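The values are calculated or read from the model by the stated rules, or taken from the named source; none is laboratory data. Please read all numbers here as calculations on a predicted model, not as lab measurements. As a convention, Cβ positions derive from the backbone with ideal geometry for all residues, glycine included, and neighbour counts pool all protein chains shown.
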Amino acid sequence: MWKVMMPRKIAYGENAAREFDYPTDSLVITTTTPDIYEKWLEYTGIKEYEVYNKVTPDPSIESVEAIKKNYEGKKISAYIGLGGGSSMDVCKYLGKLTGVPKILIPTTFGTGAEMTTYAVISFEHKKKLLQDEAFLADAAIVDPYFLPGTPYNIMRNSACDAAAQASEGYDSKLANPLTKLFCKEAFDVLEDAIINDKPQLLPYGAMLSGIGFGNSSTTLGHALSYVFSNEGVPHGYSLSACTTVAHKFNKSTYYERFKNICKKLNFEPLTLKQGFEEAADVIMPDRGHLDNNPIPVSREDIVQCLDEIINKNPLS
Ligand SMILES: [Zn+2]
């Protein structure tokens, strides 16, 4: 049996967030400041709402429970997560706790988190990637309106992440014909957006990627990237060389195309402070990614991949 899950309602494209029919008495959850979210709310036309804007990056379980307690007994018809990943993660977890429907509106693009059953919440200061069907949005709204104003570096990292997720998801052992369809289309759209300078296509491409990889998995490229993330390298940037080398190792059909995307985005070479052996110790236990890689990966392979990433400039 194969299974694919996605939000019950998906509204996307120009004016999606403006034309969507929102319920009244919703609680808008956002990470930004009033000068920004008030403009967004005006655009969406959401009526009779309350705003909770004290969500911090990497939200903790304590802050989720605090919101739950804060609004206990009040009539809330829906949570609306408006912003980046943190706002959406809080909505997902709250929705699971209370059963209140959730509407997710990403204002940054790349992760496709609005489409997935994943949420990242911190427990005792440690980020944990959780998966639960209850995290799935009741509605996801993807509107390129929020794209302008995104700094180039963030946009480029997000685009790289979305393309890495789509192509790793396509190759994943957990892929099925329908997830491959989404991943393939996602990569085509993202490639067109990046190579032909059509940034307005990025949100749609990231959304497709979210459905595709969210129902399969990412693989070796993502597994390699976390040792760089741990040293402060942005996620999307670390994937540029990591996923390129992983695709080469896997003989992926996406190897050349992914590399070309990274070249177009002009990523600088990566550096790593820790030694390859030490890094391999961190990567090897990441079975969630490695076990779903299309071919088996040994510790020696990991060290060799790291050597290629650092010493052989894989994007040249
Ligand atoms: Zn990613």
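Figures for the structure shown
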{"item": "Qualifying residue in region 22-36 (condition: part of a loop (DSSP other than H, G, I, E, B) and within 15 Å of Asp138 (Cα to Cα))", "result": "yes"}
{"item": "Residue list for region 135-161, restricted to those being among the small types (Gly, Ala, Ser) and touching a residue at least 60 places away in the same chain (Cβ under 8 Å)", "result": "Ala137, Ala139, Ala140, Ser158, Ala159"}
{"item": "Condition broken by Ala113, with the remaining ones in (1) over 28 Å from Asn215 (Cα atoms); (2) in contact with a strand residue (DSSP E or B) (Cβ under 8 Å, 6 or more places away or on another chain) satisfied", "result": "(1)"}
{"item": "Qualifying residue in region 220-235 (condition: away from the ligand (no atom under 15 Å from the Cβ), of a type in the set (Asp, Glu) and assigned to a loop (DSSP other than H, G, I, E, B))", "result": "yes"}
{"item": "Contacts under 9 angstrom Cβ, first residue in region 108-134 being aromatic (Phe, Trp, Tyr), partner part of a strand (DSSP E or B), 6 or more apart", "result": "Phe109/Val142; Tyr118/Leu129; Tyr118/Leu130; Tyr118/Gln131; Phe123/Ser60"}
{"item": "Qualifying residues in region 219-252 (those that are more than 15 Å from Leu306 (Cβ to Cβ) and either polar (S, T, N, Q) or surrounded by fewer than 24 Cβ atoms within 10 Å (Cβ to Cβ) (or both)) - the one farthest from the chain's Cα centre (by Cα)", "result": "Lys251"}
{"item": "Identity of the residue in region 106-129, touching a Lys or Arg at 6+ places or on another chain (Cβ under 9 Å), within 16 Å of the ligand (Cβ to nearest atom) and part of a strand (DSSP E or B), that ends up nearest to Ser229 (Cα to Cα)", "result": "Val120"}
{"item": "Some residue of region 148-162 being closer than 17 Å to Ile194 by Cβ, part of a loop (DSSP other than H, G, I, E, B) and within 16 Å of the ligand (Cβ to nearest atom)", "result": "no"}
{"item": "Only listed residue being at pLDDT 95 or above, in the same structural domain as Ala241 (by TED's automatic domain parsing) and closer than 23 Å to Thr32 by Cα, chosen from Ala159, Ala166, Ala137", "result": "Ala159"}
{"item": "Considering residues of region 163-215 that are small (Gly, Ala, Ser) and more than 12 Å from the ligand (Cβ to nearest atom) only, the residue surrounded by the fewest Cβ atoms within 10 Å (Cβ to Cβ)", "result": "Ala193"}
{"item": "Residue in region 204-214 that is in contact with a Pro (Cβ under 6 Å, 6 or more places away or on another chain) and of a type in the set (Gly, Ala, Ser) present", "result": "no"}
{"item": "Flag if Tyr79 is in a strand (DSSP E or B) and closer than 16 Å to Phe135 by Cβ", "result": "yes"}
{"item": "Condition met for Leu290 (within 16 Å of the ligand (Cβ to nearest atom), touching a residue at least 40 places away in the same chain (Cβ under 8 Å) and crowded, with 17+ Cβ neighbours inside 10 Å)", "result": "yes"}
{"item": "Some residue of region 294-315 being under 22 Å from Lys173 (Cα atoms), modelled with pLDDT of 95 or more and under 23 Å from the mean Cα position of the chain (by Cα)", "result": "yes"}
{"item": "Residue under evaluation Glu277, criteria (1) of a type outside the set (A, V, I, L, M, F, W, C); (2) farther than 27 Å from Ser216 by Cα; (3) part of a loop (DSSP other than H, G, I, E, B), criterion not met", "result": "(3)"}
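Residues checked against (1) among the hydroxyl-bearing types (Ser, Thr, Tyr); (2) surrounded by 19 or more Cβ atoms within 10 Å (Cβ to Cβ):
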site	(1), (2)
Asp25	no, no
Glu38	no, no
Thr56	yes, no
Tyr71	yes, no
Tyr79	yes, yes
Lys96	no, no
Gly99	no, no
